[in-house]
Amino acid sequence: MSLRSEKNEAGRSCEFHDNIAILRQIPFFSALPLEVVKIFAYLCSREVFKQGQSLFRQDEDDGRGYFIISGQAELLRTDNGQERVMGTYAEGSFFGSLALLSPMPRLYSLRVVTSNLICLTMHRTKFLKAVEQFPEIMPKIIRAVVDRINMWEKQLFSDPLQKEEPCRQQIGISLI
């Protein structure tokens with residue numbers, strides 16, 4: 001991923017401009033006016049997570065969205081005391097858009113597997129305060145969520161390994 005970096009007087013990359021560039025790449029934010037994206041970029045924070053640390057845990061509501069700038073994490077689900085790795089997320093991954101919109105417990109845990117993981121994060125309270133100031137952006141945000149659900153469901157149809165009965169039972173999520 002290449003981000004437009006501007007240098008400040010000390011020669012370091014201007015984090016605010018990097019945050020704008022990141023947000024403009026994320027479909028959840030990309031259709032929003034630049035003025036609004038700048039506000040979200042200002043409201044974001046960068047966090048460094050160490051290997052073995054959890055970004056969030058199953059059944060907790062952390063109310064945050066995450067974009068992985070660097071590093072890798074594994075998605076874990078624990079059922080009946082059995083922990084299973086469900087997948088991995090790496091640089092360029094964005095998740096937590098629904099957590100920004102409404103309280104909801106996480107269905108999974110996300111744990112860092114590299115030495116460090118750097119994320120751009122935003123908390124629901126900040127996100128919703130900004131949305132209150134620009135209510136006209138909500139239809140665009142909803143459209144981005146709907147598009148992502150539709151894309152996910154299309155992938156279920158196209159993946160021959162997903163033709164098993166338990167996966168077919170997931171089809172129809174876009175009907176909600």
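Read-outs: derived from the displayed coordinates by stated rules, not from any lab. Just so we're clear, the structure is a prediction, and the values are computed from it rather than from any experiment. No Cβ is skipped: glycine too gets one built from the backbone with ideal geometry, and neighbour counts run over all protein chains shown.
Numbers for the structure displayed
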| item | result |
| --- | --- |
| Neighbour-count ranking [beta-carbon atoms within 10 angstrom, fewest first] of 118, 142, 68 | 142, 118, 68 |
| Per-residue HN-Hα couplings for region 109-115 [Karplus 6.51, -1.76, 1.60; θ = phi - 60°; Hz; x = Gly/Pro] | 10, 10, 10, 6, 10, 8, 4 |
| For region 17-31, 3J(HN,Hα) per residue [Karplus equation, 6.51 cos²θ - 1.76 cosθ + 1.60, θ = phi - 60°, Hz, x = Gly/Pro] | 5, 4, 4, 4, 4, 5, 4, 5, 8, 8, x, 4, 10, 5, 8 |
| Distant-in-sequence amide H partners of residue 106 (H built 1.01 Å from N, under 5 Å) | 59, 60, 61, 62 |
| Backbone HN-Hα couplings from phi across region 135-148 [Karplus 6.51/-1.76/1.60, Hz, Gly and Pro as x] | x, 5, 7, 4, x, 5, 5, 4, 4, 5, 5, 4, 4, 5 |
| Residues 66, 89, sorted so that the one with the fewest Cβ neighbours within 10 Å comes first | 89, 66 |
| Distance violations [Cα-Cα > 21 Å] among 126/154; 38/140; 50/129 | 126/154; 50/129 |
| Residues with amide H under 5 Å from that of residue 114, placed H, sequence gap 5 or more | 72 |
